[in-house]
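These notes are about the structure you will find just below.
Just so it is clear, none of the values below were taken in a lab; they were calculated from the coordinates. Bear in mind the structure is a predicted one, so any value in this text is a computation, not a measurement. Counting neighbours? That spans all protein chains shown, and the Cβs are built from the backbone with ideal geometry, glycine included.
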Amino acid sequence: MKISRVSSIVVSAVLLVSCGADAPDAASSGAKPPSEGEAAVTTTIATVPPNGESITIQVLDNSYRPSEYEIKAGTEVVFENRGRNDHNILPDTITDDAGLTTLLASDMSPTAWGIASTAFTPGDSYKHLFNVPGVYKFYCSIHGAPGAGMYGTLTVS
Amino acid sequence: MKRSLGILAGVVLLAVGLVSCGGDDSATTTAAPSTDVAASEAPATDAPVTDAPAVEGVLNVPADYATIQEAVDAAVEGDLILIAAGTYNEAVQVTTNNIIIRGLDRNTVILDGNFELDNGIRVVGANGVALENMTAMNYTKNGFFWTGVTGYRGDYLTAWRNGDYGVYVFDSVGGVIDHSYGAGSPDAGVYVGECYPCDSLINHFVSEHNGLGYSGTNSGGNMIIVNSIFRRNRAGVVPNSGSYELCYPERKTTIIGNLVYDNNQPDTPAIDVAILAMGNGILSAGGVQNIIERNRVWNHNKTGIGLVPFLEEDPNDSLPAKTAWDTTCADSKKLMPVQPDGALLWDSQDTTVRNNVLEDNRRADIAVGSAGTDLWTLGNCFEGNTFTTSAPLDLEKLAPCGSPLSKDAGDWTAGDLNVITWLADQATAPPSVDWKTATLPDMPVLESMPNAATAPGVPASATLPVIDLDAITVPDKID
C-alpha cells in the first residue's frame with residue numbers, strides 16, 4: 001500500500017521540547033532564523049495517515065509480547081493487558097503515571113502516548129495510532145525501568 | 001542416583017554468610033520459631049570461592065549519605081552500602097551491578113513504605129546485587145524485588161505487610177534467598193517466577209500469613225526450595241503454570257525438607273488463586289517434572305500434597321508440547337503465541353512425590369487429580385510416603401515410581417479427587433482481607449546477620465552454592 005507523505009516536512013522544535021515524551025528518533029530540523037530576504041521556516045510534525053493496519057501487543061505479567069516490533073507508520077497498535085496485574089505503558093522519558101498524565105494533558109501531538117496503570121488493569125486495552133516514523137521505547141514503571149525488566153521498542157518506519 | 005549439586009568453583013555468594021553464620025542458626029535471639037530445623041539441617045556447604053569483584057568501598061547511611069537511594073546512586077560496582085538502625089521512608093531502585101546493600105541490624109533497619117511507596121528495594125536489570133539484613137514493610141507492591149537479573153542474593157531479610165509479595169524474584173536467574181521471612185502479602189511471602197533454568201535456591205525461609213507461602217509461576221530448572229517453613233497461609237507451596245506469564249510450563253522444581261502446615265488461614269490477604277488453593281499444603285497446579293521429597297506436611301483442610309490441574313479460562317497461548325518442556329526461557333520468549341480456542345487445562349505431570357511424612361490432611365494426605373484427563377497418563381508417581389489417606393485410594397499402588405503407570409493398576413476412580421468442587425468452594429471461602437489492616441502476629445524479632453558491621457561485602461554470584469540434597473532429612477515438627 002502506497003503511503004502518502006507530506007512533501008514539506010519539518011519537525012516543530014517547540015513541540016518536541018514541550019512534549020518531553022519519548023520523542024521518536026526521527027531526523028528533524030528545527031526552526032532557524034531567516035536570513036535576510038528569506039521567509040521564516042515553520043515546523044510541524046509530519047504524520048502519515050492511517051493505513052488500516054493494526055497489530056496487537058500482549059501485555060503479560062510482566063512482559064510485552066512481542067517486546068520489539070517494526071511497523072509501518074500509520075499502523076494502529078493495540079496493547080491488551082492479558083496478565084493478572086496492573087501495568088502501565090510509559091515512554092522512556094516518563095517516570096510514572098503522574099508524569100504521563102501531565103504529558104498527555106499538555107501535549108496533543110501524535111508522539112505523546114502511553115497509558116497509566118489506573119486505566120490498564122487486567123482485561124483493559126489501549127490503542128494508539130503510530131503515524132510518525134521513529135523509534136518508540138516504552139516500559140512499565142511497576143515492573144521495569146527504561147531498557148530493563150518490563151520494556152519494549154516499537155520501530156515505526 | 002546421587003543428586004548433590006556439583007557446582008562450579010566460582011561460588012562466593014555465601015562465603016560471608018556461611019562464615020559469619022558459623023552454622024549457628026540454633027542460637028537465635030528471637031522468640032519466633034527458628035527457621036532452622038536442626039535435625040534436618042543441611043550439612044555445611046563447601047567453602048565457596050568467589051569470582052566476584054573485590055569490594056571497592058563502603059558507603060554508610062546516614063553518616064555518608066542521608067538516604068539509601070543517595071548511597072545507591074553513588075555506589076560503583078563492588079561497593080558495600082551499610083545502613084544504620086533507623087526507619088527509612090524510601091522506595092529504593094538499584095540499577096548498578098554488583099553492589100551490596102546491608103542493614104547493620106535486621107530488625108532495626110526498617111524500610112517503611114507508609115502504604116504509599118511501591119517497593120522497598122527494587123533491583124532492575126542489575127546483576128549481582130545482594131540485599132542483606134533488613135526489614136521492608138508497608139509497601140504497596142513488594143518488600144524486596146529483583147527483575148531481569150543474573151545473580152541475586154537476599155539474606156536475613158524480613159518482608160512484612162507488603163501489598164503483592166514479600167520477596168519477589170521475576171525473570172531472574174542464579175540466586176539465593178536465605179534466612180529470610182515474609183508475612184502479610186496477598187500473593188506470596190516469597191516468589192520466584194518466569195525462569196528456566198532458574199538456578200535458584202530458597203533456603204531457610206519462613207513464610208506465613210500470606211495468600212500463598214511460596215508461589216512460582218513458570219519457574220523451574222535447578223529451582224530448589226529446602227529447609228523452609230510454610231505455615232498459616234491460605235495455601236502453602238504452590239508452583240503453577242499459566243500463559244499470563246512467559247516461559248511456561250512450570251517444571252523441575254525441587255521441594256525437599258520443608259515444614260508445611262496449618263495452611264488454612266482464613267484471615268489473610270489473598271489473591272483469587274490463593275483463595276482457590278486454600279487448605280492445601282504443597283499444591284502443584286499444572287506443574288511438571290517436579291520433585292517433592294522428605295517434607296513434613298500436616299493439618300490441611302484439603303490435601304497435604306496435591307497434584308492438580310490449573311484451569312486458565314482466557315489463555316494467551318496453546319499448551320506447549322512435552323517435547324518443548326526443555327526449551328529455555330530465553331528461547332521460548334522468541335516464540336509467537338498460538339491462540340487456542342477456549343480455556344486451557346494445565347495438568348500436573350511427571351512429578352515425583354516420595355518419602356514425605358503427612359498426617360491430618362483432611363481430604364487426602366497425597367492426591368492427584370485432573371478434569372477429564374486419565375490420571376494414569378499423567379506420569380506422576382508416589383512412593384515411600386508416610387501417610388494415611390490418598391485420593392484416589394491406594395495411590396502408591398496405582399502410581400508407583402520407577403515403572404510406567406497403567407490403567408489396569410487398580411481402580412483410579414475410587415476416592416478420586418474432584419477438583420471441580422474446589423471452584424465452588426472458592427465462592428464460599430472466606431474472602432480476602434485488606435493487606436494494610438490484616439491481623440498479623442506481632443512482627444517477630446528475627447536472627448540478624450552475624451558480623452554485619454565487619455563482614456566484607458560480597459556481590460551475589462549467579463552460581464549456586466553446593467548443597468547436598470540427599471543429606472536433607474524429614475524435619476521434625478516445631479510447633
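The modelled label-to-label distance for the pair residue A:78/residue B:326, using points 7 Å beyond Cα in the direction of Cβ, is 3.9 nm.
From the Cα gyration tensor of chain B, with a ≥ b ≥ c the square roots of its eigenvalues, which class applies: rounded if a/c is under 1.5, or else prolate if a/b is larger than b/c, or else oblate?
Working: a/c = 1.65, a/b = 1.63, b/c = 1.01.
It is prolate, given that a/c is not under 1.5 and a/b is the larger ratio.
Remark: the residue B:477-residue B:371 segment gains 34.7 nm on full extension, using 0.36 nm per residue and subtracting the alpha carbon distance.
Given the Cα-Cα distance of residue B:333 and residue B:301 and 0.36 nm per residue of separation, how much length would full extension add, in nm? Working shown, then result.
Details: separation 32, 0.36 × 32 = 11.52 nm, distance 3.82 nm.
Contour length minus Cα-Cα distance gives 7.7 nm.
For segment B:316-406, the pair-distance distribution built from all alpha carbon pairs, in bins 10 Å wide starting at 0, is 14, 37, 26, 19, 3 percent. From the largest down, segment A:57-117 spans 30, 29, 15 angstrom on the principal axes of its Cα atoms. Summary value for chain B: 17 percent relative contact order, contacts being C-alpha pairs under 8 angstrom separated by 6+ residues. The distance between label points at residue B:436 and residue B:401 comes to 4.7 nm (points 7 Å beyond Cα on the Cα→Cβ vector). If R0 is 22 Å, the Cβ-Cβ spacing of residue B:64 and residue B:454 corresponds to a FRET efficiency of close to 0.80. Computed about the Cα centre, the dipole magnitude for segment B:159-271 is approximately 240 debye when only Lys and Arg (+1) and Asp and Glu (-1) carry charge, each at its Cβ. Below 8 Å, C-alpha to C-alpha, sequence gap of six or more: please give me the relative contact order for segment B:81-124 in percent. Across segment B:81-124, relative contact order equals 52 percent. With the simple spin-label model, which puts each label point 7 Å out from Cα in the Cβ direction, the residue A:93 to residue B:354 separation comes to 6.0 nm.
Phi angles across segment B:140-154 convert, under the Karplus curve 6.51 cos²θ - 1.76 cosθ + 1.60 with θ = phi - 60°, into 3J(HN,Hα) values of 6, 10, 10, x, 10, 9, 10, 9, x, 10, 10, x, 8, 8, x Hz, Gly and Pro given as x. Specify whether the C-alpha gyration tensor of segment B:264-317 places it in the rounded, prolate or oblate class, a ≥ b ≥ c being the square roots of the eigenvalues: rounded for a/c under 1.5, otherwise prolate if a/b is larger than b/c and oblate if not. Verdict is oblate for segment B:264-317.
Pull out a ≥ b ≥ c, the square roots of the eigenvalues of the alpha-carbon gyration tensor of segment B:384-479, then state rounded if a/c is under 1.5, prolate if not and a/b is larger than b/c, and oblate in the remaining case. Please report the intermediate quantities before stating the final value.
Values: a/c = 2.84, a/b = 1.47, b/c = 1.93.
Cα axes put segment B:384-479 in the oblate bin.
When the charge dipole of chain B is built from unit charges on Cβ atoms (+1 for Lys and Arg, -1 for Asp and Glu) and taken about the Cα centre, the candidate among B:236, B:159, B:100 whose Cα reaches farthest toward its positive end is B:236.
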